[in-house]
Amino acid sequence: MKVITQEALKAWLDRLAGETALFAPRSVDGIVLYRPVSRSGEIVFDYTRPKMSPKEAIFPSTDNIVSFEKHSQDVTLPEPALEKQQVVFGLRPCDAHGINVLDAVFIGREPVDLSYARRREATTLVGLSCPQMWEGCFCTSMGGAPDDPSHMDVLLTAVVGGYTVNAITEKGKALFAGLELSELTGEPPHPTVGETVPVMPVGQWPKRFTDRYWELLAERCIGCRVCTYVCPTCRCFDVRDQVAERRTNYARYDRLRCWDACTGPNYRVTAGGHNPRPTKGARLRNRFFCKFYYMSQDYGPTGCVGCGRCIEACPVNIDIVEVLHDVSKTSVATEVTA
Amino acid sequence: MSQQEQIRAKARELFESKQVECVIGYETGSRGQVRPAFIYGVHDVDRLVWNQGCTHNLTLYLHDKQKPAKKGEPPPRVAIVVKPCDSRDLNVLLAETQIERERVYVIGVACDGIAKGAGFARPSANSNQQPAMQDRCLRCGERVPVVYDVLIGEPPQVDLKDDFADVARLEAMTPAERVAFWLKQYDRCIRCYACRQVCPGCYCNVCMFERDDSLWVGVATGVKEKEFFHLGRAYHLAARCVECNECERVCPMELPLSLLNRKLAKEVLELFRYRAGVEPVKAPLLTMLAEGEEPLI
């Protein structure tokens, strides 16, 4: 396997930042987030998992999917600008796994989602293996691993003196073409593996739908959107038209697609005011059923990659690993019921 | 008896005498984290804990308990564990007729202060060393709840006065610096609404910032929308916020939200000699007066 030195990698990133849009882990007021960077010096190399997943690079929280312009009585639809090529650098194996789940939803079958497809096509994923599994990580229980190259274009792994370069796709190989790389001496490191979490088989989930467990679990849920917004696979959105500009004989309207979350109280409210998920329990249950049942049924992959972000960010300790343990027990409903 | 044992004993007594159907307190959850607990009978009483991880303001959950569990039934009677800071919310919610005093049994806890990082699996909260206190606790002189039916523990002797030093730091900036400071903070807000959802004072069924018709603010996660949301929320909490700091604690992007609320608390204190929830009042400070009606404060 080929190795690139830290210095050569930084030089390569500097050059890349000049040629294309580059997203990479960056410290924003002390919080590591995937953000646009203009040079390698802005990139954090020593991080666990950025607080937000890199889904923002392909599925932004606000996406202007179409604009309408009105000149007097004529309405025109300006052509959307072509997506710029972008490289996401430093994403973790679970993050690439998450993008694969989004791919299944947005472009896995016809009709594809045009906005997502355009950005996805223009994106190259250059990952960085995790040296270990951290608190809350359970990727190995969700079919991943801290050094899993699946769904990446390139995966780098830190070794003494630099990084091994595993260029997997043609896109990835093109990025590293012409670079002088040395040959790895010895074995690449194998990261430590964390605990194994029991994941109930898909077919078992419907039996748990009416458990009182969900209402009891959700009593402490505050109904915010943190778990869904930090999640690399949550992809619900709301679409609304908004006046962007208005003056005499001219107006422009934007159709905005913005992130939405099934945990919010009014997410599922229908015209007329009916809410089919009227309780916190029904809403929180949906989040877990979506991940482990609906997603697999409708699109193929499981909707959880074991990144642990929701565990870290939940203000009231709703812990997806604890939930997976609980639902795997047959008598959980009676154990926690009064 | 430790405070934890006293809380458990009181909870047991309340269930045995059928005074309450639920006790809202704290328990140890996964990864050593303390979290809110809902206890429904004597058999679960020993789940209750009291320690320096008990950071959550549980009065938030009283809103849910104002509704009957089943249609036609009366709402449940509940007991709630409150710290001195949280207890001020009881006065606020009573003045705003959001809760019925006779349906709530208040287990007030004399408080020594809460640890930094409490409520999350962060190293600072779970190390073996004596944890650092939260900033708000280091300036807190109110160690006994303002409302309670039973007081758990001996009030610690502290001689502290809130000098709003945190706000002064902000006030020392020029207006342009302050705008720049806040826009930088709002920029990383993800509009998850955790600050609003965790706030006992934010109980509107439909928040004006989340209306389907986008009447006041658009749906985009833009910095203008976020600025409007945070400033609007702060104004809505003026003379109502009890500075429990939950909004700041839960923010995944670590926005210093308490500074907004503290600035308004300071203004209200200077203008009206009023601090939200410290005393029982018949009506909120900021209210509508009918013609000829005299203010109560």
Could you tell me which residue of segment A:36-64 is nearest to A:I311 (Cα to Cα), considering only residues that are within 12 Å of chain B (Cβ to nearest Cβ) and in contact with a Ser or Thr (Cβ under 7 Å, 6 or more places away or on another chain)?
A:S61
Would you pick out the residues in segment A:271-297 that are over 27 Å from B:A69 (Cβ atoms) and free of Cβ contacts under 8 Å to residues at least 24 places away in the same chain?
A:A271, A:Y294
Within the bounds of segment A:238-261, is there any residue that is more than 10 Å from every other protein chain (Cβ to nearest Cβ), closer than 26 Å to A:L102 by Cβ and among the aromatic types (F, W, Y)?
no
Subset of segment A:25-41 (residues that are surrounded by 18 or more Cβ atoms within 10 Å (Cβ to Cβ) and basic (K, R)):
A:R26, A:R35
Here, strands (runs of 3 or more DSSP E) confined to segment B:1-110 with at least 2 residues that are within 12 Å of another protein chain (Cβ to nearest Cβ) are B:22-28, B:34-39
Residue check, B:K282 surrounded by fewer than 17 Cβ atoms within 10 Å (Cβ to Cβ) and either in contact with a His (Cβ under 7 Å, 6 or more places away or on another chain) or at the interface with chain A (Cβ under 9 Å from one of its Cβ atoms) (or both)
no
Within segment A:221-272, the residues that are surrounded by fewer than 18 Cβ atoms within 10 Å (Cβ to Cβ), basic (K, R) and assigned to a strand (DSSP E or B) are A:R240, A:R246, A:R247, A:R252, A:R255
Residue hits (segment B:200-224; in contact with a Lys or Arg (Cβ under 8 Å, 6 or more places away or on another chain) and at pLDDT 95 or above) are B:G201, B:C202
Could you please let me know if B:L289 is within 22 Å of A:I31 (Cα to Cα) and either in a loop (DSSP other than H, G, I, E, B) or at pLDDT below 95 (or both)?
no
In the list A:L33, A:L22, which residue meets the criterion of being more than 14 Å from chain B (Cβ to nearest Cβ) and either in a loop (DSSP other than H, G, I, E, B) or not hydroxyl-bearing (S, T, Y) (or both)?
A:L22
Could you list, in sequence order, the residues of segment A:100-116 that are surrounded by fewer than 16 Cβ atoms within 10 Å (Cβ to Cβ) and part of a helix (DSSP H, G or I)?
A:L114
Answer with yes or no whether B:V144 is within 14 Å of chain A (Cβ to nearest Cβ) and touching a residue at least 12 places away in the same chain (Cβ under 8 Å).
no
Is one or more of the residues making up segment B:150-173 surrounded by 17 or more Cβ atoms within 10 Å (Cβ to Cβ) and within 16 Å of the chain's Cα centre (by Cα)?
no
Hits in segment B:207-225 - residues which are under 22 Å from the mean Cα position of the chain (by Cα) and in a helix (DSSP H, G or I)
B:M208, B:F209, B:E210
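The values are calculated or read from the model by the stated rules, or taken from the named source; none is laboratory data. Keep in mind it's a predicted model, so treat the numbers as computed, not measured. So basically every Cβ, Gly included, is an ideal-geometry build from the backbone, and we count neighbours across all protein chains shown.
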